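Written out below as structure tokens is the structure these notes cover.
No value in this document is a laboratory result; all are computed from the given coordinates. In this text, all values refer to a predicted model and were calculated from it rather than measured experimentally. Cβ atoms come from the backbone with ideal geometry, glycine included; neighbour counts cover every protein chain shown.
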Amino acid sequence: MSTRIVWLRRDLRLSDNPALTHAAARCERLLILYIHAPDEEAPWAPGGASRWWLHHSLERLSDALRDAGSELVIRRGPSLEVLRECIDATGADAVCWNRLYDPATRERDGRIKQALRDDGVETRSFNAALLAEPWTVETGSGGPYRVFTPFWKAIREDIGALSPAPVPTLPPPPDIPSEPLASLELLPTLNWADDFSRHWTPGADGARQRLDGFLTDSLEHYADGRDIPSQDLTSGLSPHLHFGEIGPREVLAATRATSSDDGRTRSAKNADKFLSEVAWREFAHHLLFHFPHTTEAVMNPRFRQFSWDGNAQDLDAWQRGRTGIPIVDAGMRQLWRTGWMHNRVRMIVGSLLTKNLRHHWLEGARWFWDTLVDADLANNTLGWQWIAGCGADAAPYFRIFNPVSQGEKFDADGDYVRRFVPELARLPNRYVHAPWSAPADVLRAAALRLGHDYPLPIVDLKASRQAALAAYDAVKG
């Protein structure tokens, strides 16, 4: 009786899962295996928020497989050792998986593929995570892209013919024991993540519900509303995409269907904008594949000698949402409370950290890595190097976001700030983004004592901007 193994990683779904579809059609028994080996992803092993999500995603996947007449077998690594044990126990003659693109997992997967082939075991890998794999897209001169717009132009026509595959019929599983999910100890021991479940539903069903809700309720307002943090007009699909609970082909197909259903074109502009944001994820993986050193080092060599000058006290205030700058604090508290932060606000808080406070971008990247449910190495690396001005297609270093004017523009009524910084709830709109500018009588009416109920700013925005520009002048050449 032929047996195959599907090794799941960040592809925790049954639909449009090419490794699963391929294996299911070619065997009589199918072992669906998840191996927990976080050390193999070092130095970027999953952070706390990611582990919370992973626990619940595996739980939902196990339920879905049981309903489909199969089961999820969970083991702990090392991955090659576990795979060999499972091959010996089941007599499997083939192992299939979907590709990952992070430097550590790419190197690990290459070693495992060669080792299993040396053992006489067939191995096959597939693309489940991207619309265009990094090595399939190149510039006219044959190199990788470093700028998003031409990258998007290069892939957008080719992805038009992509369509997702349905859930396959699954052969029965072999009789092999599984470790209990709880033994992975993924959930936080503190109550930090207790509120996450109020905001998120991990798993493929949760991903589909979020996509359907976004396409029905928010897509037609996306292009104009995606920068307004108080409005729920972004898709919220990033953690689902990271864990592979939904695939980009499924997102692409559903979005295009929605924008053209019944001859309607009302959402065409918004659909194009949304799909360009999905393509930023593709671009991030393209860059990480071709420039793997950027997880730890700058892409722009000028910044190798840049004078990062942050101090631990300011970093702590930034992490805790106690900088005294309202929209920054609102974003950092949203992150801590929900495991996510609005993208516009991510740029604002990142600019303050790397430019006004002059902390190394890796300080921000590591904090986001531990606290974001959508922490993704490619996206995180691109995002932080972009805002710090030291990466590919980066915001120029001299572009320093003014958090007050950004708040006034994108949170004009202060709804976002008031939601996450309730100390400022009674301030008039005019002062909610700069409470230090409010007259004494306004502060009294708002029952607000600066320096007591809410901190004074930890940094002078104007002076720190000038200091950052001076530091940049010293290295720009």
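Average projection, convex hull of the Cα set of segment 180-312: 12.8 square nanometres. Classify segment 3-128 as rounded, prolate or oblate, taking a ≥ b ≥ c as the square roots of the eigenvalues of its Cα gyration tensor: rounded when a/c is under 1.5, otherwise prolate if a/b is larger than b/c and oblate if not. Verdict is oblate for segment 3-128.
Could you quote the convex hull projected area for segment 244-387, Cα atoms only and averaged over all directions, in nm²? Taking a quarter of the hull surface, the average projection is 10.4 nm².
Rg and Dmax over the alpha-carbon atoms of segment 112-186 stand at 19.6, 53 Å.
For the chain, the longest principal axis of the C-alpha atoms and the axis of helix 48-67 are separated by about 40°. Determine the shape class of segment 92-155: with a ≥ b ≥ c the square roots of the Cα gyration tensor eigenvalues, call it rounded for a/c under 1.5, and otherwise prolate if a/b is greater than b/c, oblate otherwise. Prolate, because a/c is 1.5 or more and a/b exceeds b/c. Convex hull over the Cα atoms of segment 378-477, averaged projected area in nm²? Mean projected area of the Cα convex hull: 8.0 nm². With only the Cα atoms considered, the chain has a convex hull volume of 154 Å³ per residue.
Taken over the alpha carbons of segment 301-473 as equal point scatterers, the Debye sum produces base-10 log I(q)/I(0) values at 0.11, 0.12 Å⁻¹ of -0.44, -0.52.
Please give the charge dipole size of segment 393-444, origin at the Cα centre, charges +1 on K and R Cβ atoms and -1 on D and E Cβ atoms. Round to the nearest 20 debye. I would put it at about 120 debye.
In segment 334-477, Cα pairs under 8 Å separated by at least six residues give a relative contact order of 21 percent. Helical runs assigned H by DSSP (4 residues or longer) give the chain a calculated mean residue ellipticity at 222 nm of -13500 deg cm²/dmol, each run adding -39500 (n - 2.57) before division by the residue total.
Taking the chain as the region of interest, the number of lysine pairs whose Cα atoms are within less than 25 Å, with members eight or more places apart or on different chains, is 9. Oblate is the label for segment 132-253, because the ratio a/c of its alpha-carbon gyration tensor axes (a ≥ b ≥ c) is 1.5 or higher and a/b is not greater than b/c. Within the shell defined by Cβ-Cβ distances under 10 Å, the residues around THR338 carry a net charge of +2, with Lys and Arg each +1 and Asp and Glu each -1.
Work out which GluC sites (Glu not before Pro) in the chain are exposed loop sites (DSSP not H, G, I, E or B, at most 15 other Cβ within 10 Å) and give the longest gap free of them. Spell out each step's value before the answer.
On the way: sites that count: GLU28, GLU138, GLU157, GLU185, GLU296.
That would be 297-477.
Taking every alpha-carbon pair under 8 Å whose residues sit at least 6 apart, the chain reaches a relative contact order of 17 percent. Listed by Cβ neighbour count within 10 Å, with the fewest neighbours leading, LEU469, LEU353, LEU237 appear as LEU469, LEU237, LEU353. Normalised by the number of residues in segment 3-128, the mean separation of alpha-carbon contacts (under 8 Å, six or more apart) gives a relative contact order of 36 percent.
Counting neighbouring Cβ atoms within 10 Å and putting the fewest first, the residues THR139, THR234 line up as THR139, THR234.
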